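Student: Got a structure here, written out as structure tokens. Questions coming.
What follows draws every value from the coordinates through simple rules; no lab data is involved. As the structure is a computational prediction, the values presented were derived from the model and not from experiment. Neighbour counts are summed over all protein chains in view; Cβ atoms, including those assigned to glycine, are modelled from backbone coordinates with ideal geometry.
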Amino acid sequence: MHPALSVIVFTVASGAGFGLVALTLALELLGGVPGLGATGVLWAVAGGVVLATAGLLASTLHLANPKNAWRAFMRFRSSWLSREAVFSVLFYPVILLYFAGMWTHGATDATAWVYIAAVAALLLAAATVFTTGMIYASLRTIPQWHSALVPANYLLLGVASGAVLLTGIVAISGGGTEAVGQLAVTLVVLGGFGKAVYYYWIGQPQGPSINTALGMTRGRVRLLESGQSAPTFLDREFGYQAPASQLRWLRAVVYLAGFLLPLGMLLGLLATGQAAYAVLAVASMLGGLLVERWLFFAEARHTVNLFYGRQRC
């Protein structure tokens, strides 16, 4: 699949933003974010909202006809894209209700509806990231995406990047980073493990081949004539291919920048308490996840490629 920059930025930024919001609210509901006061919590949630909003706005750049974007809300019962749109829009009035309650009453005097708004915002943030993953997992025509591993990885990487961001916020604010840092380390390790499982899974032979698509079991089918003299839309969008050597070294970049370096920076933060380690961890992980998401699209193979002579998808 052709890796579109707008969609890459959208999925990484919205995943990290919603992950930061969900993790911060979850810790606050469980007794408070270690190292952050009420004001710091509000700033962390606000930062997550801004990042998620930037990602959602980036997604609109991928629309061929933006004036028809409202139609995305009309198929909630059957479309994961519609569910993503609905959940992301519902998130905003709920999080504004939470902000209004915290601003009015504060963390110590918050009423029941403030806690209800916090729980609802947490669930909507998680639901938005999950439905984003399900948009791709629901596509039977792309074997590399048609798996529960896809939404699971979207959630894991969203929460892991959100945890690294939260650690950075706590470190910059001057609070104790031991608890959130340890949580971030755990989530980064889980995110790396989940991605390793996904890479192992897509490396196994799967999906139809040109022989099975035609129902021929003897001999090797090959394309003699494609019937076209110039690349088509299907070639450009669904026939993207990168050299295997490039894909291999980019996977190494994903693990180095997206997991190993952030993990090392977090351990350095826990050992020294220097906020610079947290800032480097945030920058490295977000950069690594941009590469990871590029690979997510570049390694996907649509079955329409069989029509153009590709042996297996």
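Student: Evaluate segment 5-308: find the radius of gyration of its Cα atoms, find its Kirkwood radius, and give the ratio Rg to Rh. Intermediate results must be reported in sequence, preceding the final value.
Tutor: Details: Rg = 21.5 Å, Rh = 20.8 Å.
Here Rg/Rh amounts to 1.03.
Student: Say the dipole of segment 5-308 comes from +1 at the beta carbon of Lys and Arg and -1 at that of Asp and Glu; which of Thr141, Ile8, Leu261 then lies farthest toward its positive end?
Tutor: Working it through, the farthest residue towards the positive pole turns out to be Thr141.
Student: Report the net charge of residues surrounding Gly191, where surrounding means a beta-carbon distance below 14 angstrom and charges are Lys +1, Arg +1, Asp -1, Glu -1.
Tutor: Summing Lys/Arg as +1 and Asp/Glu as -1 gives +1.
Student: Place the peptides 288-297, 171-180 in order of packing, highest mean first, counting for every residue the other Cβ atoms within 10 Å and averaging per peptide. Before the final figure, lay out the partial values.
Tutor: Numbers: 288-297: 22.3, 171-180: 18.1.
Ranking the peptides 288-297, 171-180 by packing returns 288-297, 171-180.
Student: Also, quick follow-up: Multiply the residue gap between Val197 and Gln182 by 0.36 nm, knock off their C-alpha separation, and tell me the result in nm, one decimal place. Can you show the working numbers first?
Tutor: Working: separation 15, 0.36 × 15 = 5.40 nm, distance 2.29 nm.
Fully extending the segment from Val197 to Gln182 adds 3.1 nm.
Student: Now, a different point. Which value, in debye to the nearest 20, describes the size of the charge dipole of segment 5-308 about its Cα centre when Lys and Arg Cβ atoms bear +1, Asp and Glu Cβ atoms bear -1, and nothing else is charged? Mind dumping the intermediate values first?
Tutor: On the way: 15 positive and 9 negative charges, 220 e Å.
Value, rounded to 20: 1060 debye.
Student: Starting at 0 and stepping by 5 Å, how many percent of the alpha carbon pairs of segment 108-183 end up in each bin?
Tutor: 3, 14, 15, 14, 17, 17, 10, 6, 3, 1, 0
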